[in-house]
Amino acid sequence: MTVEHSPWLMTWYENIDFIKIPIEEFDLKTISFTYGDSHPVFSLRKHKMDGREYRNKLYTYDEITEVIKKYGLPQDWNGDGAHGPERYVEACVWSDETVGKYIKQYNVHTCLYAARKENP
């Protein structure tokens, strides 16, 4: 899942769509976040050594909202990937409860995203 819509992810497949799930529907203790996709965030590649504070870190909801306030959403400033591997904020949901309701309701399995609170 991602925080807000990621136009770049929408280019991965044909006939793709997304579902927006309000963050209020989740138990925030069941979600962790990375600023960027978790694989490059924790990678040993060159970009990991670029000094950006959000590398190699996992965040709670309150922590990621502070990072987003400071840097903005990656999809807004790095949609083409020219400034590093971060293109969205990844949300890892560690419970099937909320997402499961949407999977059943819409019969979907990929590209769900969580919406931020308007004024966190």
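Each reported figure results from applying straightforward, stated rules to the coordinates on display, with no laboratory input. Note that the structure is predicted; figures quoted are calculated from it, not measured. FYI the Cβ positions are ideal-geometry reconstructions off the backbone, even for glycines, and counts take in every protein chain you see.
Worth pointing out:
- Under the combined filter of DSSP loop state and at most 11 neighbouring Cβ atoms within 10 Å, region 1-48 retains these trypsin sites (Lys or Arg not before Pro): ARG45.
- Degrees between helix 61-71 axis and first principal axis of the chain (Cα, 0 to 90, nearest 10): 50 degrees
- Dipole size of the chain about its Cα centre, with +1 on Lys/Arg Cβ and -1 on Asp/Glu Cβ: approximately 360 debye, rounded to the nearest 20.
- Compared with the alpha-carbon gap, the fully stretched path from SER43 to PHE18 is longer by 6.3 nm at 0.36 nm per residue.
- Order of VAL89, VAL67, VAL3, VAL41 under a 10 Å beta carbon neighbour criterion, fewest first: VAL67, VAL41, VAL3, VAL89
- Mean separation of Cα contacts under 8 Å (6+ apart) over length of region 2-115, as relative contact order %: 46 percent
- Most mobile of ASN56, ASN107, ASN78 in a GNM of the chain (Cα contacts under 10 Å): ASN107
- Helix 97-106 axis, angle to the chain major axis (alpha carbon atoms, nearest 10°): 60 degrees
- Antiparallel content of DSSP bridges confined to region 2-115, in %, to 5: 55 percent
- Lys pairs under 13 Å by Cα in the chain, provided they are eight or more residues apart or on distinct chains: 4
- For the chain, the 222 nm mean residue ellipticity estimated from helices alone, with every DSSP H stretch of n ≥ 4 adding -39500 (n - 2.57) and the total spread over all residues, rounds to -6000 deg cm²/dmol.
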